[in-house]
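Below is one structure; the comments refer to it alone.
The values are calculated or read from the model by the stated rules, or taken from the named source; none is laboratory data. In this text, all values refer to a predicted model and were calculated from it rather than measured experimentally. Please note: Cβ atoms are built from the backbone with ideal geometry, for glycine as well, and neighbour counts cover all protein chains shown. Calculation scope for accessible area: heavy atoms of the full protein, side chains included, ligands and nucleic acids excluded. Shrake-Rupley method; radii C 1.70, N 1.55, O 1.52, S 1.80 Å.
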Amino acid sequence: MIIDINKYWKYVDLWYHRALRSHLVGCRSVLDVGCGSKSPIRYIKKNFYSEGIDIFKPSIIESKKKKIHDKYVLGDIQKLDMYYRPRSFDAVIALDVLEHFKSKDALKLVKMIERVARKKVIILTPNGHHLDMVCEGDKNNLFQKHKSGWFKKDLEDLGYKVFGLRGLKYIRNENATIKSKPWIFWGLIAFLSEPILYFVPDLSYDLFAVKNISHD
């Protein structure tokens, strides 16, 4: 029997979606930077306006079909200032985005994101280096190649509070999929370890970083 994992993905990433939802409480508008075609926003009950921006047109088209966001912009996020004024959105999220840029360019992007945000910025990125990796399922998207790696201290030095997601990092391979058999057993271990390692990001596969923005 073949199991369609896409049907169960919202349960696999339950803690991730819960963390995202909890940190967006009180935000009435959200900008999804580098939104791609499968933004986790689709798993959150929306009580806010959301907008997605991405440079890869096929991803925008697919996301539109799923009606994930209220509005879309096809554009280069490295020129975010050209599309959005300062303090345009309560929250700006960049999920699985920073690692696709060289460190210097990623830092410039973070500064632009923080200018656009009124209240907070949320970033998700793998814990450590997975250089030259292309995300599984996105082989035709040249923008998906990994060019930098990020650690807890890197994000803390930028003023972010960092949490861990997707469980123990040693269980997953570079594509975040379970690397050992039986997959159901190790997947369960990853799932059960996630709420504990949420507060131990150094051992987690993904880093979930949150920064409250003040423009005073």
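Across the range 90-121, which residue is nearest to the chain's Cα centre (by Cα) among those that are open to solvent by 10 Å² or more (accessible area, probe 1.4 Å) and among the aliphatic types (A, V, I, L, M)?
LEU95
On the given criteria, is ILE60 of a type in the set (Val, Ile, Thr) and at pLDDT below 95?
The answer is no for ILE60.
Any residue at all in the range 62-71 that's part of a strand (DSSP E or B) and not polar (S, T, N, Q)?
yes
Please indicate, with yes or no, whether at least one residue in the range 138-151 is at pLDDT 95 or above, surrounded by 15 or more Cβ atoms within 10 Å (Cβ to Cβ) and not in a helix (DSSP H, G or I).
yes
Condition check: open to solvent by 20 Å² or more (accessible area, probe 1.4 Å), of a type in the set (Lys, Arg) and free of Cβ contacts under 8 Å to residues at least 60 places away in the same chain. Does ARG28 satisfy that? Quick ask: steps written out before the conclusion?
Numbers: open to solvent by 20 Å² or more (accessible area, probe 1.4 Å): yes; of a type in the set (Lys, Arg): yes; free of Cβ contacts under 8 Å to residues at least 60 places away in the same chain: no.
So ARG28 does not fit the description; no.
Do you know which residues across the range 72-86 are part of a helix (DSSP H, G or I) and aromatic (Phe, Trp, Tyr)?
Passing the criteria: only TYR83.
Would you pick out the residues in the range 31-61 that are among the small types (Gly, Ala, Ser), closer than 20 Å to ARG166 by Cβ and either open to solvent by 60 Å² or more (accessible area, probe 1.4 Å) or in contact with a His (Cβ under 8 Å, 6 or more places away or on another chain) (or both)?
Correct list: GLY34, SER39.
Search the range 35-64 for residues that are among the aliphatic types (A, V, I, L, M) and pair each with any residue that is open to solvent by 20 Å² or more (accessible area, probe 1.4 Å) and part of a loop (DSSP other than H, G, I, E, B) when their beta-carbon atoms are under 6 Å apart and the residues are at least 6 apart or on different chains.
Note: pairs meeting the criteria are ILE55/ASP76.
Does LYS64 satisfy being touching a Phe, Trp or Tyr at 6+ places or on another chain (Cβ under 9 Å), open to solvent by 60 Å² or more (accessible area, probe 1.4 Å) and farther than 18 Å from ILE213 by Cα? Don't jump to the end; show me each part of the working.
Working: touching a Phe, Trp or Tyr at 6+ places or on another chain (Cβ under 9 Å): yes; open to solvent by 60 Å² or more (accessible area, probe 1.4 Å): yes; farther than 18 Å from ILE213 by Cα: yes.
It is true that LYS64 is touching a Phe, Trp or Tyr at 6+ places or on another chain (Cβ under 9 Å), open to solvent by 60 Å² or more (accessible area, probe 1.4 Å) and farther than 18 Å from ILE213 by Cα.
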